[in-house]
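The values are calculated or read from the model by the stated rules, or taken from the named source; none is laboratory data. Computed from a predicted structure; not experimentally measured. A quick note on method: Cβ atoms are made from the backbone with ideal geometry, for glycine too, and the neighbour counts reach across all protein chains shown.
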Amino acid sequence: MLSTPSGQHVVWDILSRAGIYHVTHRGNSESTFLEGVRSLGLQIVAEVGKQGPDAYPDLLRTMNVFEEQLEALDMDEEMNQEIEDG
């Protein structure tokens with residue numbers, strides 16, 4: 001899955017939604033659900049790591065570049081809209 005850009009995007013989207021770098025404690029039953037999602041995300045990270053020691057860092061680098069490109073496109077669209085709105 002990591003061998004194609006679309007596969008990398010799918011994995012990145014799942015990891016982003018899993019909240020692996022966020023605190024899940026909410027003080028209510030939502031915490032249990034969020035911790036389960038986070039746990040699944042961490043399992044995916046472990047599976048990615050089995051592809052080789054550079055697999056996860058490579059994924060992070062690739063997705064950071066992709067997100068920067070998306071942000072640049074969003075900024076271009078906003079500027080174009082401002083020009084059109086005059």
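Applying a threshold of 6 Å to beta carbon distances and a minimum spacing of six or more residues, or different chains, the list of pairs starting in region 44-65 at a residue that is among the hydroxyl-bearing types (Ser, Thr, Tyr) and ending at one that is in a helix (DSSP H, G or I) reads Tyr56/Val48; Tyr56/Gly49; Thr62/Gln8.
Looking across Ser31, Ser39, Ser3, one residue alone is touching a His at 6+ places or on another chain (Cβ under 6 Å) and loosely packed, with under 15 Cβ neighbours inside 10 Å. It is Ser31. Before we move on, is Asp54 loosely packed, with under 11 Cβ neighbours inside 10 Å and modelled with pLDDT of 90 or more? So Asp54 passes the test. The single condition among (1) modelled with pLDDT of 95 or more; (2) more than 15 Å from the chain's Cα centre (by Cα) that Glu82 does not meet is (1).
Beta carbons closer than 7 Å, at least 6 apart along the sequence or on distinct chains, pair a first residue in region 10-22 that is farther than 18 Å from Thr32 by Cα with a second that is not in a helix (DSSP H, G or I) for Val10/Met1; Val11/Met1; Val11/Leu2.
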